[in-house]
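Just so it is clear, none of the values below were taken in a lab; they were calculated from the coordinates. In this text, all values refer to a predicted model and were calculated from it rather than measured experimentally. We place every Cβ from the backbone using ideal geometry, glycine too, and count neighbours over all the protein chains shown.
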Amino acid sequence: MSQCCINPSILSADFVNLESELQRISNADAVHVDVMDNHFVPNLTLGLPVVQRIQAVSPVPLDVHLMISDADRWAPAYADAGVASVTFHAEAAMAPVKLARELRARGSKAGMALRPATAVEPYLDMLGELDMLLIMTVEPGFGGQSFLDMTLPKIRRARAAVEGSGIGVAIQVDGGITEETITRAAEAGANVFVAGSAVYGHQDPAMAIERLRAAGQAAIAQSA
């Protein structure tokens, strides 16, 4: 049975007090760090210098999600920063297999993300090059959006392909994850969940993480 992992997104945290905000989620499996360049997505967040500082003070591993153009050029530097995982978008990579191998060679896990409307089938042959496949459940760029149920069949197809390949690739979902939607996503086959407002919008983020983890794990067990 897959283990349910909760990776809170600091996109919903207080950016003025990031170090203390990280301490509030010390029971998380990782912290999801969204890097946006205002080109690939219509939003601008933070870049490599801030990620390096977060890496230095975070009590949990960093799961960096690059929503940036020209991922082939910029992604390796994030692996060099020592983060646990770097995820690039398939739509922004010219040579995704080469990039995934380079990330792994530099000591990071390699993740690849797909926008809601991007089909998963063209990328199934490269599952062996990845540690994680991120299926966006909202359009990337902003937090607080509603979960898109249209992505559930894609999650199911991705899970079937992973199970059929025998390769231990995690399936992550990002966008609109709540105690209610995590159940649907987990039943479809996801096992790593990014939650922003559902964690940081809660009075007790650590408790919110535990509740999400329990809901996700129960759904994974039920669908096994």
- [ ] Among Thr87, Thr181, Thr137, determine the one that fluctuates most according to a GNM of the chain built with springs between C-alpha atoms less than 10 Å apart.
- [x] Thr181
Task: Qualifying GluC sites (Glu not before Pro) in the range 129-224, DSSP loop, other Cβ atoms within 10 Å at most 14 - done: Glu179, Glu180
Open item on the list: Let me check against my output: what whole-number percent is the relative contact order of the range 64-165, with C-alpha pairs under 8 Å and at least 6 apart?
Closed with: 22
